[in-house]
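A quick write-up on the structure given underneath.
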Amino acid sequence: MVPCGKWPLTEPRRRAILAWLVAAAVVWWRVHAGGTFFIVGLEGAWSDRLGAMLPALCAGLSAALALSVVDAAAGPLAGIVAAIAVVALPGFVPLHRVSLVGPPLLTLTLATLGVMLQAPRFSLAYGTLAAFAAVSVAPAGIGLPVAAVAWALLSGAKTSRYPLRRGALAALPLAVLVAISRWTGDGWSAFGTIAWHGGLDDAFRAAGTIVGDQLAPGIHFPPLRWFAVADISLLLFAVVTMAWLRVARIRPPGTFLRRLYPAAGIVTLAYAAGMIGSTLLLAGAGEPELPTVFPVVVVGLLVVVTSVGVLWSRWHRVGKIVAVLLMLGWVQAAIRG
């Protein structure tokens, strides 16, 4: 540990800072090379350089948060693998190259999950992050405040005498930001009225296609792609289930690993419900796209890597070799794709 004022620069923080810098540099270089963003009032090279800073900073924060969460749950090696896997996802760089909404939405989703895990009693903090994502960034994040309130009630039921008060504090920022948005604007103004528009099958199909692109990159032949996505999904679900039953569930209440699975489940389910709901109810929202679906993919990836990390010592050598080969094959396919 190296003293750094009142904020010691511990090894986990060093790894998180390194992940932040590397991911930010990679995304800045790709965005700058593509010339996607610019700064109003500037011209030429400076506009290209500064226009790429927002997605680059968001990418760095997302990678650092992914590393920190998995590092605390399953150890440093698993945290490093998680950061690499997040950056290697086929949608990671395209998301940051084409959207100004997707990068902050992903970062705020991971930040909400991180604060829920690190400080479950600080419901006002993760409620504020969730509310800002839902009101100021994108309507697709409307499920995040629901997740924040649900986690405040769930975590407070066993550790607090006043769980309802904690839930109210988690919901308060949403009401405040909605009131303030009448003067400052919000992310909902471009979507018009709220009414049922249908198209549930199309919404699920669009979201499933995006998730499938992340699970099985490079496989485009429809029958083979269907079997690959289905088999990979079942395999990952089995790994997560075994990790929860054999390792996480038997840990003492309140430990980081024990909290990760229910917190990630609440965030995933609430976010997915909010995303699909906003698609069906907001005029002009259209089908789910990469910027809105990607946070679900990343949260799921963190749980999978954590599960593999905590089960790793229990696997036979042959199983470890197979897992490494599958991981390397997926990474090279994702990078090539």
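Membrane-span-like helices in the chain, defined here as complete DSSP H runs extending at least 15 Å along the helix axis by their C-alpha atoms with mean Kyte-Doolittle hydropathy no lower than 1.0, are 53-74, 76-88, 102-118, 143-159, 222-243, 256-281, 290-311, 317-336; this is a sequence and geometry rule, not a statement about a membrane. Modelled this way, with points 7 Å down the Cα-to-C-beta line, the labels at Thr209 and Ala119 are 4.2 nm from one another.
Here, the range 275-337 has an Rg and a Dmax of 17.3, 54 Å when only alpha carbons are counted.
Output the peptides 55-61, 293-299 sorted from most to least packed, where packing is the average of other Cβ atoms within 10 Å over each peptide's residues. The partial results should precede the final answer.
Working: 55-61: 23.6, 293-299: 25.1.
The peptides rank, most packed first, as 293-299, 55-61.
Provide, for q = 0.24 Å⁻¹, the log10 of I(q)/I(0) from a solvent-free Debye sum over equal Cα point scatterers in the range 65-128. Normalising to I(0) and taking log10 leaves -1.01. Diffusion coefficient of the chain by Stokes-Einstein, Kirkwood radius over Cα pairs, 37 °C, 0.692 mPa s: 157 µm²/s.
Test of understanding: in a Gaussian network model of the chain with alpha carbons linked when under 10 Å, which of Ala168, Ala248, Ala179 would top the mean-square fluctuation ranking? Among Ala168, Ala248, Ala179, the largest mean-square fluctuation in the Gaussian network model of the chain belongs to Ala179. Protection proxy ranking of 222-234, 199-211, 257-269, by the mean of other Cβ atoms within 10 Å over each peptide's residues and highest first, is 257-269, 199-211, 222-234.
Given 0.36 nm per residue, what is the gain on full extension from Ala323 to Thr184 after removing their alpha carbon distance, in nm?
Details: separation 139, 0.36 × 139 = 50.04 nm, distance 4.95 nm.
Here the answer is 45.1 nm.
Readers should treat all values here as calculations from the given coordinates under stated rules, not as data from a laboratory. Every value quoted in this text rests on a predicted model; they were computed, and no experiment measured them. FYI the Cβ positions are ideal-geometry reconstructions off the backbone, even for glycines, and counts take in every protein chain you see.
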